[in-house]
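Before any comments, here is the structure.
The values are calculated or read from the model by the stated rules, or taken from the named source; none is laboratory data. On a predicted model such as this, the values are computed, not experimentally measured, just so you know. No Cβ is skipped: glycine too gets one built from the backbone with ideal geometry, and neighbour counts run over all protein chains shown.
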Amino acid sequence: MEELSFIGKSVPRKDGVEKATGRALYTVDMVLPGMLWGKILRSPYPHARILHIDTTRAERLPGVKAVITGKDTLGIKHGFVETPRYPPDQYPIAMDRVRYIGEEVAAVAAIDEYVAEEALSLIKVDYEELPAVFDPEEAMKPEAPEIHPSHPKVKEPYKNIGGKTETGWGNVEKGFAESYLVREDRFEGQLRTHCYMEPQATLASFDLSGKLNVWTSSQGPFIKRAKLATILGLPFNNVRVLKAYVGGAYGGKVDLFSHEFCASLLSIKTRRPVKIVCTRGEVFEAARHGQPILVELKTGVKKDGTLIAQQVKVINNSGAYRGSGVVVIFLCWGFVMLSYRIPNLKYEGYSVYTNNPVRAPQRGHGAPNLRFAVDSQMDMIAEEIGIDPVEIRLKNARQKGDILHNGDSVRNCGLVECIQKVAEATQFKEKYGKRKSQEGQRIKRGIGMGVSSYFSGSLIYPNTSAAIVKLNDDGTVSLLTGALDIGQGAETILSQIAAEELGVSMDDIRVVAADTETTPVDIGAWISGGAYVSGNAVKIAASDAKRQLFEVAAQELEANPEDLIAKNREIFVKGSPGRSISFTQAVATSIAKRWGNPIIGQGHYRTMKDVPAHPSLATTKGRWSENYAFDAQVAEVEVDMETGQVKLLKATTAHDCGFPINPLLVEGQIDGQVSMAQGHALWEEVLMEKGKTITTSYLDYKIPCAKDMVESQYIDVITERYEKDRPYNTKEVGEGYVSAMVAAIANAVYDATGVRVKTLPILPEKILMSLKGKWNKERKKWKR
Amino acid sequence: MRIPKFEYFRPSSIEDVCSLLYKYKTEAKILAGGTDLFVKMKKKEIAPKVVISLKGIQKLDRIEWDDREGLKIGPLATHDALVNHPIVREKFDFLADTCFKIGTRQVRNMGTLVGNLCNASPSSDAAAPLLVLEARLKFVHLYGERTIPLEKFFVGPFQTVLEPHEIVLEIQIPKPGPGSGGCYQYLHKASSVGETLVGAAVHLTIDPRDSICQEAKIGLSSIAPTPMRTKAAERILKGKRIEEKIIRKAAQVASDETQPRSRPWYRREMSRVLVERAILQAMEKIR
Amino acid sequence: MKKELIELNINDESHVLAVEPQKTLLEVLREDLGLTGAKEACGTGECGACTVLIDGKPILSCLTLAIEAQEKEIITIEGLTRAGQLHPLQKAFIQYGAIQCGYCTPGMILNAKSILDENPKPSRDEILKGLEGNLCRCTGYNKILEAIMAASMGED
């Protein structure tokens, strides 16, 4: 097989110099002449009717250029999901009702932030408070206050149901009856948040030709454009969302945000650019955090640990609007059934409205909490029947060639190899189960494993990715792609693909990205399809450009196009290095002799080309993905039995990502996700009190700092490869490595302490309180 | 996040500072490092009309040792200056260690020890070691001065006895006696940086001839509305030979003296654990 | 509020500006001088993204008044590149994959520079302790540590 020059190589990232020198411009950095500053007035009540808003005093304040409220909008709703079953449900600015503390009620544009803030204080809003509910199980009760009517298709007499997912196969009751052991457990995942370093920010500029230009910190410009254009009533070609560098997102910047709409509308009204930058406190209080999930899990196994039946109920606290709640309850089904073979399954997921700020996807979108539940219980089951955690997972692991119940084929799957390799690399079986031998030790060690799987690309708007490869006169290349680099290295890996196809160097390629006016559509950096979908689109576009070049070159060199190879911007005849023509010559020749064709290659790609629509979020019928990623992770922890403090010493990740286009970037993704898992498992929690956010800064909400760095080891399990002459298959690496690690940490804590914590985060006092009686006895043997 | 507007003064003498404080009283705030002041102003917790900077005055960053009177620390001495100061390292190593724990590297370059005390956070790391070292604070105002023990300084969360027209001119730490040593043990609220969950400082003086504890001082922070000494626990240790059972009892008594409001069970438990560890470590140092 | 005329020495260049007292050094850099390398991620002193070097020491520019930054040598990330040459730390960060979204990078590199300037061969723990005030959500800090260790070894 031919050696690859760029694919599979740890090429340094293309935007590295920009970022290392501070030249990269993020939305927060951008300024335009005449720019105004915008600020947003937010509801102080979790649930209230808006009786009256008086903005006259604010409008009259010197320096204020515009004030907007709901009445200035077209009254068009938007939503994370916009389908017939789940139509958009949220106004960009509240109209007659607010449903969470922080909901947007008005916005102002002024000459500076001081004036804007003063203007907010001059807006008078008369509210009539309504009863509110904050806990999802309380919100489901018939006596709960109604935030929205329950979804009409949900038959149960529950209140405040935004959506339901119900699916299954086989017969779980029969399965449980036949089980050797049945366990029922409840697990609770906490409200946690993304903590992207760049806050939410938007700069909107409505120019005199009637076009709205928007820079915004996002995860993909095309979905933002679609929503903005729709709710502003503008044609798509009059809304341009341009590329800005993004300072982190992790799922928290996909939704359309009110401030993006407000900046746009304020700009339209003032005909001046308007910038809104949310403070960190505002991000904590009113931006969208990760979906908190309750999981009730009933599992039955045979005597040897093989799964027979599983019954799952998931309750998601989606906040005051549907948001991505109806997606996460669908995904949780997937995260249950992907990793282990389950002969009988009953799955129910409810997305419940509460008077809390709306929630959003957060790296893993349900998988971390779900795998925490499933894999914690797997360990509990394993212990009860007397087999070890590795064995029980190998018994049940998804296998290559399996056909899933929705019809998806797991064409390849390295999960078994992942489990075996990670167990071997960490000497799992030797280290596991050594609690007794550590009796009397103040510092105890434990080891735990988790398994997870993730989909790579699915059908959700915009369903396709396209790219253009333009040759310059001297043979250098412009790569136009709608893909947005949010830190994961999109521009780098796409350049690698183009460079590989065209035989040019990385420096020969300039990427023009993520601009809805100049670059073709892309699915966005939030559906786990960057490497697979956007990558294949670029590959096809580059191949197309190469094909055109080869046609010209073949004529000039009097050879067959199949006998040509491209390298270093030269086209050679295989076996006759003397016969060659440079790209420069080929382009010039094409222009001169081929009716002015300057060589523009184009390509597009989509996952599951033969499938017309996305799967049903409510029933899970339909194809979900055609590439599934798998991983097994092991956590090694140290617990101070006196303080309950847990230290994550080492994380080992064995992953089937298909093949890595850029191993260095993949390692970085793994490290970052291990870090997020550490925070998720041990410390992070957004605390809320009756709808009010208590943790409003990095002082209160602790993410890992440098001193918390975890030693991270990576094991690649390669199950795919780059195909030279056809689309390649590969899998995602950006989201799936949080979940198994959370479970692994929980299992490792159990291994060290004998304490099973079922609610995240695993705070030290949760461990100590469980140990209280037991530790006091053991303490007598404790050697200092 | 913007700092709300204010009028800025940069006097060149302490007298001028006092005049301004006398004039503006509660409308004025002193600016030393700014790491607490500007955060509070940005969060709209306070809104002073006037900010009086100390940076125009010479020698306020002094860290001076006198063989009789002990250590004197000026209001602009930063945490970083204390961490690396040879005298602080030599005479009060656990205070230097505490200063190394406070905040972050950047905050230590900017923030001052006096400022930390004046901020009077219930979880102030600086407070506990200074309490057990029996530090005193000297305030000045336009018409005079007074010196009080640090123990009498804190009256509530973020509240001190400092009058609006007064300014802290120095921290005085008496010379420690022979056979003494101290230690500060702490736990973070979460992760490895940031607010302290519980801080425990212990300072012991042990007579080398009979190993009897002459003096015992225990200070805790983040377990009550203000940092505090746990005197009942101290009495358990004083006059006794310190060994396992006494340590455990003292630690338990110290824990019982705390009044934590949030995560109370865990804070009380950790008070006990950290006091034990601090006593043991202090003893190690003395040996 | 009345503005005051101040002179700031930034990256070896002198800048004279008129500023109100509450204006922070971070705001002057970003909004008056177009030096947007220093960032705000929190504004309250916890994240370190606004770190600049003042007289060689890492300082939070979001809590520093511009009027109090006079008569000092201020270095921002833009000042690290000399005559078009990247600083060894910048090269190492790029080479070792220590940059993902890049938002924490300027503050991180400047703080790392101050650590190495103080102690050319710091231990792993000394580096991690020194960086405790620079939050990163993307990288888990692994490759940041690798890059700094490599730069301290003089590896190019």
Against the condition at pLDDT below 95 and assigned to a loop (DSSP other than H, G, I, E, B), how does A:LEU208 come out, does it pass? yes
For A:GLU491, work out the one condition from (1) away from chain C (no Cβ under 14 Å); (2) in a helix (DSSP H, G or I); (3) touching a strand residue (DSSP E or B) at 6+ places or on another chain (Cβ under 9 Å) it doesn't fulfil. (1)
Number of positions in region B:179-206 that are without any contact (Cβ under 8 Å) to a residue 12 or more places away in the chain and either more than 10 Å from chain A (Cβ to nearest Cβ) or part of a strand (DSSP E or B) (or both): 1
Kindly indicate which of A:SER217, A:SER205, A:SER150, A:SER179 is under 21 Å from the mean Cα position of the chain (by Cα) and of a type in the set (Ser, Thr, Tyr). A:SER217
Go through (1) facing chain C (nearest Cβ under 10 Å); (2) buried (at least 24 other Cβ atoms within 10 Å of the Cβ) for B:ASP80 and report which single condition fails. (2)
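For region C:42-95: of the residues being within 13 Å of chain B (Cβ to nearest Cβ) and of a type in the set (Gly, Ala, Ser), which is nearest to B:LYS55 (Cα to Cα)? Write out each step before concluding.
Start the filter on region C:42-95 by keeping residues that are within 13 Å of chain B (Cβ to nearest Cβ), which leaves C:42-72.
Narrowing further to those that are of a type in the set (Gly, Ala, Ser): C:43, C:45, C:48-49, C:56, C:61, C:66, C:69.
Values: C:GLY43: 22, C:GLY45: 20, C:GLY48: 23, C:ALA49: 25, C:GLY56: 19, C:SER61: 16, C:ALA66: 13, C:ALA69: 11 Å.
Restricting to residues being within 13 Å of chain B (Cβ to nearest Cβ) and of a type in the set (Gly, Ala, Ser), the top hit is C:ALA69.
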From the residues in region A:460-476 that are hydroxyl-bearing (Ser, Thr, Tyr) and assigned to a loop (DSSP other than H, G, I, E, B), which one is modelled with the lowest pLDDT? A:TYR461
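Can you report the number of residues in region B:31-65 which are acidic (Asp, Glu) and free of Cβ contacts under 8 Å to residues at least 12 places away in the same chain? Talk me through it step by step, then tell me what you get.
Step one: filter region B:31-65 for residues acidic (Asp, Glu), giving B:36, B:45, B:61, B:64.
Those still in the list that are free of Cβ contacts under 8 Å to residues at least 12 places away in the same chain too: B:45, B:64.
Count: 2.
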Does A:LYS298 satisfy the criteria of being in a strand (DSSP E or B) and without any contact (Cβ under 8 Å) to a residue 40 or more places away in the chain? no
Out of A:GLY401, A:GLY407, A:GLY414, which single residue is without any contact (Cβ under 8 Å) to a residue 40 or more places away in the chain and not β-branched (Val, Ile, Thr)? A:GLY401
Quick one: which residue in A:SER465, A:SER458 is touching a residue at least 60 places away in the same chain (Cβ under 8 Å), in contact with a helix residue (DSSP H, G or I) (Cβ under 6 Å, 6 or more places away or on another chain) and polar (S, T, N, Q)? A:SER465
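Based on this model, can you work out whether A:VAL504 counts as assigned by TED's automatic domain parsing to the domain that holds A:ALA592, buried (at least 21 other Cβ atoms within 10 Å of the Cβ) and among the aliphatic types (A, V, I, L, M)?
Values: assigned by TED's automatic domain parsing to the domain that holds A:ALA592: yes; buried (at least 21 other Cβ atoms within 10 Å of the Cβ): yes; among the aliphatic types (A, V, I, L, M): yes.
Taking the combined requirement at face value, the residue satisfies it.
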Considering only region A:264-284, state which residues are away from chain C (no Cβ under 14 Å) and either under 23 Å from A:ASN317 (Cβ atoms) or in a loop (DSSP other than H, G, I, E, B) (or both). A:ARG271, A:ARG272, A:PRO273
Tell me yes or no: at least one residue of region A:674-691 is at the interface with chain C (Cβ under 7 Å from one of its Cβ atoms) and either within 15 Å of C:ARG137 (Cβ to Cβ) or crowded, with 23+ Cβ neighbours inside 10 Å (or both). yes
Search result, residues across region A:9-38 that are away from chain C (no Cβ under 13 Å) and crowded, with 18+ Cβ neighbours inside 10 Å: A:LEU36, A:GLY38
Working only within region A:567-579, note down all residues that are in a strand (DSSP E or B) and either aromatic (Phe, Trp, Tyr) or buried (at least 19 other Cβ atoms within 10 Å of the Cβ) (or both). A:GLU570, A:ILE571, A:PHE572, A:VAL573
Which condition does B:GLN106 not pass, out of (1) more than 12 Å from chain C (Cβ to nearest Cβ); (2) part of a helix (DSSP H, G or I); (3) in contact with a Gly (Cβ under 6 Å, 6 or more places away or on another chain), if it passes all the others? (1)
Filter region C:8-31 down to the residues that are away from chain B (no Cβ under 14 Å) and acidic (Asp, Glu) and list them by number. C:ASP12, C:GLU13
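Would you mind finding the one in A:SER675, A:SER697, A:SER625 that is closer than 30 Å to A:VAL533 by Cα, among the polar types (S, T, N, Q), in contact with an Asp or Glu (Cβ under 7 Å, 6 or more places away or on another chain) and in the same structural domain as A:LEU768 (by TED's automatic domain parsing)?
A:SER625
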Name every residue in region C:133-156 that is assigned to a loop (DSSP other than H, G, I, E, B), surrounded by 22 or more Cβ atoms within 10 Å (Cβ to Cβ) and not small (Gly, Ala, Ser), in order of residue number. C:ASN134, C:LEU135, C:CYS136, C:ARG137, C:CYS138, C:THR139, C:TYR141
For region C:82-105, state whether one or more residues are closer than 20 Å to C:GLY45 by Cα, of a type in the set (Gly, Ala, Ser) and outside the structural domain of C:VAL28 (by TED's automatic domain parsing). yes
I'm checking my understanding of the structure. Among residues of region A:126-144 that are exposed (fewer than 15 other Cβ atoms within 10 Å of the Cβ) and in contact with a Pro (Cβ under 7 Å, 6 or more places away or on another chain), which one is nearest to A:ASP96 (Cα to Cα)? A:PRO131
